[in-house]
Amino acid sequence: MMQQKQIVMHSETTPLSRALAGETSSCAVTPLDAFEVGRQRWLSGERINMGAIAKELGINRATLFRWVGSRDLFVGEIIWSFYRQLFDVTYESTVGCGPDYIVSVCERLLRKVMKSEPLQQFVQQDPQYALRILTSKFSLFQTRSVDAVRELIAEQVRNTDWVPPIDEDDLAFLIVRLGESFLYGDVISGHKTEITQIATAFRLLTASRDCAERHASS
């Protein structure tokens, strides 16, 4: 019987993250209400204005910030919810096993992200801020992305005879960073890499240990 696919995600300990995880609240207006307002604004291409969101909800800014932690965490949660939906759909609809499966999931996901108008608009509005939210080592978005890929790798290691060429944590981090370089290379370094090359790059990263050793010794 095939093992049910499940991805374990990293979470932040804010009232919003706990609400997103299922914790209930007796308040008339909750962190989830703030999340839904912010998410709709982001999907519509608007900048996240904390004062405007607080006003719409009928709460003060201090309450909103207590719920979400900070504007950066709030934006990260919003974008992660969107990205996770893409990830889950791609994860469930991709067939295969071992490194080929990982390559297929990651390549298909990046192609979907590249076609996302809200995300591309977010990057174009303020590239430096977008990079801080999407690629910084301090961002929840990158942490959760690495966690998701790490679990994807661990699943294939458990269920197949594939042996990753390097430590699973390091491989997950490198896959995410490689994806970032393809998605945001023109913003990071002014160099835009063709998406057609991403599958080859992922295959080189995930090549089994014996293949990697033969290549290194040749």
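Structural remarks
- When Glu56, Glu77 are checked against the criterion of being more than 28 Å from Arg158 (Cα to Cα), of a type outside the set (A, V, I, L, M, F, W, C) and crowded, with 16+ Cβ neighbours inside 10 Å, Glu77 stands alone in meeting it.
- Out of Arg84, Arg150, Arg111, one residue alone is under 16 Å from Gly179 (Cα atoms) and at pLDDT 95 or above. It is Arg150.
- Looking across the range 56-80, the residues that are closer than 15 Å to Thr13 by Cα and of a type in the set (Asp, Glu) come down to Asp72, Glu77.
- So Phe35, is it aromatic (Phe, Trp, Tyr) and assigned by TED's automatic domain parsing to the domain that holds Phe141: no
- Residue satisfying all of: in the range 1-17; closer than 14 Å to Phe74 by Cβ and modelled with pLDDT of 65 or more; surrounded by the most Cβ atoms within 10 Å (Cβ to Cβ) among these: Leu16
- For the range 198-218, a tally of residues being among the polar types (S, T, N, Q), at pLDDT below 85 and part of a helix (DSSP H, G or I) returns 1.
- When residues in the range 28-51 are screened for being exposed (fewer than 13 other Cβ atoms within 10 Å of the Cβ) and at pLDDT below 90, 1 of them pass.
- A count restricted to the range 41-60 and to residues that are touching a helix residue (DSSP H, G or I) at 6+ places or on another chain (Cβ under 9 Å), in a loop (DSSP other than H, G, I, E, B) and of a type in the set (Gly, Ala, Ser) stands at 2.
- Selection status of Asp186, touching a residue at least 60 places away in the same chain (Cβ under 8 Å) and within 27 Å of Arg71 (Cα to Cα): no
- Meets criteria (over 19 Å from Trp42 (Cβ atoms) and either in the same structural domain as Ala207 (by TED's automatic domain parsing) or not β-branched (Val, Ile, Thr) (or both)) for Tyr129: no
- Any chance Ala148 is in contact with a Phe, Trp or Tyr (Cβ under 7 Å, 6 or more places away or on another chain) and more than 17 Å from Gly96 (Cα to Cα): yes
- Segments classed as helices (runs of 4 or more DSSP H), wholly inside the range 61-115, with at least 2 members that are hydrophobic (A, V, I, L, M, F, W, C) and within 27 Å of Thr200 (Cβ to Cβ): 71-93, 98-114
- In the set Leu73, Leu86, only one residue is of a type outside the set (Gly, Ala, Ser) and more than 16 Å from Leu43 (Cα to Cα); that residue is Leu73.
The values are calculated or read from the model by the stated rules, or taken from the named source; none is laboratory data. Predicted, not measured: the structure shown is a model, and the values here were computed from it. Methodologically, a virtual Cβ is constructed for each residue, glycine included, from the backbone with ideal geometry; neighbour enumeration extends over all protein chains shown.
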